[in-house]
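Below is one structure; the comments refer to it alone.
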Amino acid sequence: MAIFLHRVGRLAFRHRWYVVLVWAAVLAFAGLSALKAPEASDKGFSMPGIESQKAFDLMEQRFPGTAADGATARIVFVAPSGERITDPGNKQAVEKTVASLAGGTQVVRASDPFRSKTLSRDGRTAYTTVTYEVRAKELTEVSTSGLEEAVHKAQGAGLTVEAGGSALDAGSRPAGGAELIGVALAAVVLLVTFGSLAAAGLPLLTALIGVGVSMAGILALAHALDLSATTSILAMMLGLAVGIDYALFVVSRYREEHAKGRTPQEAAGLAAGTAGSAVVFAGLTVVIALAGLSVVGIPMLTKMGLAAAGAVVVAVLIALTLVPALLGFWPHAVLPRRARKGGRIEERGARDNWGTRWARFVLRRPLPVLLLGVAGLGALALPAMDLRLGNPGDEAKPTSTTERRAYDALAEGFGPGFNGPLTVVVDARGATGAKRAVESVAQRIGGTEGIVSVSSARFNKAGDTAVFSAVPSTAPTDEKTKNLVTSIRNDRPAIESRTGVTFAVTGTTAVDIDIAEKVQSALVPYLIVVVGLAVLLLLLVFRSLIVPLKAALGYLLSVLASLGVVVLVFQQGHGADLLGAEHTGPVMSLMPIFLVGIVFGLAMDYEVFLVSRMREAYVHGESPDEAVASGFRHSARVVVAAALIMIAVFSGFITETDSMIKMIGFGLATAVLFDAFVVRMAIVPAVLALLGHKAWWLPAWLDKLLPRVDVEGEALDQRSAAADPRSAGTTTGREVSRT
């Protein structure tokens, strides 16, 4: 692979115009396809196999013409202090608003709060629920503007009116400033690392081109594959981060080879053959981890993983082709200032640097460093034992939004359970006395401890299916609500045997509970698969038993520690205000899966780029301690820069208002911080120092069985040595050859 990529790098450098034109054509084609492609239809979130999803499917089948998960809007009316909502003037304003909403386009019904008695006990608050025949994204501008106009008119009548519900999410999109923040911070890191504007700008340029191709491709396929806006955010987040990092590795190796006296073309080829080989392997681990998300069985998660994997593939291809091509246009611009002026630059690997000094510090004190690192990460991981999964709703939004204010008004006027009613779907097909049986089911569920009220049942035209709501006494994300849903489902056999009908519990609250349980049950198997895959891949690369096990255990430490910090901040509320998280509660259900899959790939990136140089030095005759110091001398600077760039990109997404994106950005930034600076830069050298030669041991039978994976370009070493007569009799690896 190293020889093949060496040829690719040389060809891209030599035929740079063709390479640039090809990528420009790819970008243009993807962009035009995105512009012409229809907008994604958004068929909604689905979770095959869970009870709440089966109930939704039954509703769509038995109530044709109305989507079971169609958009809804809940309008909350609050009378001024000292007045009641039933006062003539206030009542008239509410009825007029409800009539206006009911006559809107795409509206199925708008409930009358006075007829349905959705009034608070103190008489100050009322609400109406507007049900639409389509999902939120399919609402027209006429529908959304009609909703806003009705709310404004009611506010003009002196009432406090707030709106919540999925209908308000129709046009919502991330703020978009996160990418700019991440790019700006990455530019600063690159400039400090390279000391050259061209060297700092090239990785940014190629990463942005890669993100442009990926985002355009996702938009072009969004309608056909039903890709959501969240899908593109994850792909952008990862594509930008790995795109900068992979280009950084290639440019850094190019500068190193150029400093050895290589011609620019040969330096580009060697950079592609060595650092490029590591990029291919690192990218492969990320792709496998992201594609592996499909085993969880959540269609949305599968799409997000595959889309992000596609963005990573684009980043790898650009690092192997476009980066060497652009180096061909400016072969000397990326070099340090002294080299550009014709001065001799001492090869970085020939002298000590801060990386070497840090490595020797760890080598002198391996046991204290190891114990401190493990104890620190272990302590941070302890809160993860209290992990509660859920899906934050309007309660997690800032108080400046009308959705949050509507949520708070309902909780104050009717109790916290009104924000998450349970929907019970009763299948009475084939039963005698369907109406009486449904009433019996409603009475039994209404008598369950924790249920405040039960609505009247609504039957379909055939009269064989009914739907009613049951309001809990606790908030949607409260652990008591989860126990309540479990209790109702546990009592189902007795209720069904008595009434002769079947029923299922669904609704947003039940869906969130079911998703959390499914993800939690899939987390450990997925973690085992990922860790097993890590051990196997690193076994191929490093041909050692201890190094892969150490890498996998370190990865587990960093993942658990980052999960613990997420629990501390977003669930327990420590420091949440500093991140703009105004509400604490359960951690987003998909967050642990994202963290496990994405951090696996990134952790293996740092492991490969750092430890592969140690292995190269050890194979060439250095002692275990000297090999560790050599690895840090060559790779520590670029690995630290890559980690800082990752942290900068992910941290930029903490500024988004969307709680899910904020949590993902924070979790990933924290995980990269722990894995790169604690695990790879401290625990790894400490373990290698303690084990010595044993760290690189591999049974002979296993060595013969495993295929050879040339990540650091040993084949190029041998070919270079054979071609250069000055290298005869030496064992120092790749020699300097000037042409």
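Computed from the coordinates by the stated procedures, all read-outs in this text should not be read as laboratory data. Since the structure is predicted, the reported quantities are computational estimates derived from the model, not experimental observations. All Cβ positions, glycine included, derive from the backbone under ideal geometry; neighbour counts span all protein chains shown.
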Practice item. Specify the inter-centroid distance of the stretch 90-140 and the stretch 361-418, based on alpha-carbon positions, in whole Å. Key: 35 Å
Review point. Do you know the relative contact order of the stretch 70-169, to the nearest whole percent, from alpha carbon pairs under 8 angstrom that are 6+ apart?
Key: 46 percent
**Study point:** With Cα atoms, 0 to 90° folded angle of helix 508-542 axis to the chain main axis
**Key:** 10 degrees
Point to revise | Compactness index (Cα Rg / 2.2 N^0.38 Å), the stretch 589-666 | key: 1.45
Point to revise | Backbone HN-Hα couplings from phi across the stretch 238-246 [Karplus 6.51/-1.76/1.60, Hz, Gly and Pro as x] | key: 6, x, 5, 5, 6, x, 5, 5, 5
Practice item. Specify the angular offset, from 0 to 90 degrees and rounded to the nearest 10, of the alpha carbon long axis of helix 402-414 from the longest principal axis of the alpha carbons in the chain. Key: 40 degrees
Review point. With each label point set 7 Å from Cα along the Cα-Cβ vector, what nm distance links residue 521 and residue 432?
Key: 3.7 nm
Review point. The stretch 217-291 to the stretch 450-513: how many Å between their Cα centroids?
Key: 49 Å
Check your understanding: Using modelled amide H (1.01 Å from N, peptide plane; none on Pro or chain starts), what sits under 5 Å from the amide H of residue 263, excluding residues fewer than 5 places away?
Key -> 739
**Study point:** Antiparallel content of DSSP bridges confined to the chain, in %, to 5
**Key:** 95 percent
Practice item. Compute the long axis of helix 434-446 from its Cα atoms, compare it with the longest principal axis of the Cα atoms of the chain, and write down the angle in degrees, 0 to 90, nearest 10. Key: 70 degrees
Exercise for review: Mind putting a number on the dipole of the chain about its Cα centre? Charges go on the C-beta only, +1 for Lys and Arg and -1 for Asp and Glu, and I need it in Debye to the nearest 20.
Suggested key: 1820 debye
Revision key, fill the gap. Debye calc, one equal point scatterer per Cα of the stretch 373-516, no solvent, log10 I(q)/I(0) at q = 0.11, 0.13, 0.19 1/Å comes to -0.50, -0.65, -1.08
Point to revise | Listed residue (64, 326, 453) projecting farthest to the positive dipole end of the chain, Cβ model | key: 326
Exercise for review: Using θ = phi - 60° and the Karplus relation 6.51 cos²θ - 1.76 cosθ + 1.60, list the HN-Hα couplings for the stretch 549-563 in order, rounded to whole Hz, with x at every Gly or Pro.
Suggested key: 5, 4, 5, 5, 5, x, 4, 4, 4, 5, 5, 5, 5, 5, 4
Exercise for review: Using P(r) over Cα pairs in 20 Å bins from 0, in percent as the read-out, say which of (i) 16, 51, 29, 4, 0; (ii) 16, 43, 27, 13, 2, 0; (iii) 14, 28, 20, 14, 12, 8, 3, 1, 0 was calculated from these coordinates.
Suggested key: (ii)
Study note, to complete from the structure: Length-normalised contact order of the chain, Cα under 8 Å, at least 6 apart, in percent, tallies to 19 percent
Check your understanding: By a straight-distance test (C-alpha under 21 Å), which lysines pair with residue 96 as possible cross-link partners, with residues fewer than eight away in the same chain excluded?
Key -> 117, 153
**Study point:** Two-site FRET efficiency, residue 160 against residue 694, from Cβ-Cβ distance with R₀ of 45 Å, rounded to 0.05
**Key:** 0.05
Check your understanding: What length, rounded to one decimal in nm, is gained on full extension from residue 115 through to residue 188, with 0.36 nm per residue of separation minus their alpha-carbon distance?
Key -> 20.1 nm
Study note, to complete from the structure: Dividing the mean separation of Cα pairs under 8 Å (6+ apart) by the residue count of the stretch 219-338 yields a relative contact order in percent of 37 percent
Practice item. Please find the FRET efficiency linking residue 464 to residue 549, where r is the Cβ-Cβ separation and R0 is fixed at 45 Å, and quote it to the nearest 0.05. Key: 0.15
Review point. How many angstrom separate the Cα center of the stretch 594-627 from the Cα center of the stretch 539-565?
Key: 11 Å
Study note, to complete from the structure: residue 705 and residue 295 label points (each 7 Å along its Cα→Cβ direction) are spaced in nm at 2.0 nm
**Study point:** Förster radius 41 Å - calculated FRET efficiency between residue 574 and residue 102, Cβ distance, rounded to 0.05
**Key:** 0.35
**Study point:** For residue 453, distant residues with modelled amide H under 5 Å away
**Key:** 471
Point to revise | residue 465 long-range amide H proximity, modeled H, under 5 Å | key: 428, 460
Study note, to complete from the structure: When 677, 609 are arranged by how many other beta-carbons sit within 10 Å of their Cβ, fewest first, they go 677, 609
Point to revise | Neighbour-count ranking [beta-carbon atoms within 10 angstrom, fewest first] of 435, 518 | key: 435, 518
**Study point:** Linear extension gain, residue 27 paired with residue 411, 0.36 nm per residue minus alpha-carbon span
**Key:** 133.3 nm
Revision key, fill the gap. Projected convex hull area of the stretch 421-506, Cα atoms, direction-averaged, in nm², equals 5.0 nm²
Exercise for review: Calculate, in whole percent, how much of the Cα-Cα pair population of the stretch 1-152 lies beyond 18 Å.
Suggested key: 72 percent
Review point. Using θ = phi - 60° and the Karplus curve 6.51 cos²θ - 1.76 cosθ + 1.60, what whole-Hz ³J(HN,Hα) does each residue of the stretch 454-465 get, with Gly and Pro shown as x?
Key: 10, 7, 5, 6, 10, 9, 7, 4, 6, x, 10, 9
Check your understanding: Hey, what D do you get for the stretch 70-169 in µm²/s if you plug the Kirkwood alpha-carbon radius into Stokes-Einstein at 4 °C and 1.567 mPa s?
Key -> 97 µm²/s
